[in-house]
Amino acid sequence: MPPIHRILVKTHHMTSRKKILTLTQAAHNLQCSLLLKTGPHPPGIMLAEGEQAEEWLKVVKVIGASCIWIVRGIRLIKK
């Protein structure tokens, strides 16, 4: 079984509905769980978990989320 990855990303804020929709659709397509803290007040938080979470992170980088910091990438082992 492939490992499950958990990625925590911090950004200044997340207000663009188009970018939020792109992130949620990408997570759905990649079968990742996604938790977003959005709105005009900092910080914006994105937490993705799944076997393809690293692919989801590529989408984050492509859409140009402003000022992103990859806080933590964890590789979880399935038992």
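The values are calculated or read from the model by the stated rules, or taken from the named source; none is laboratory data. Values in this document were obtained by computation on a predicted structure and should not be read as measured data.
Inside the range 32-49, can you point out the residues that are of a type in the set (S, T, N, Q) and over 11 Å from Ile20 (Cα atoms)? Break it down stepwise before answering.
If we filter the range 32-49 for residues that are of a type in the set (S, T, N, Q), which is where we start, we get 33, 38.
Ser33, the sole residue that qualifies.
Which ranges mark the strands (runs of 3 or more DSSP E) fully within the range 11-79 that have 2 or more residues being at pLDDT 90 or above and within 12 Å of the chain's Cα centre (by Cα)?
33-37, 44-50
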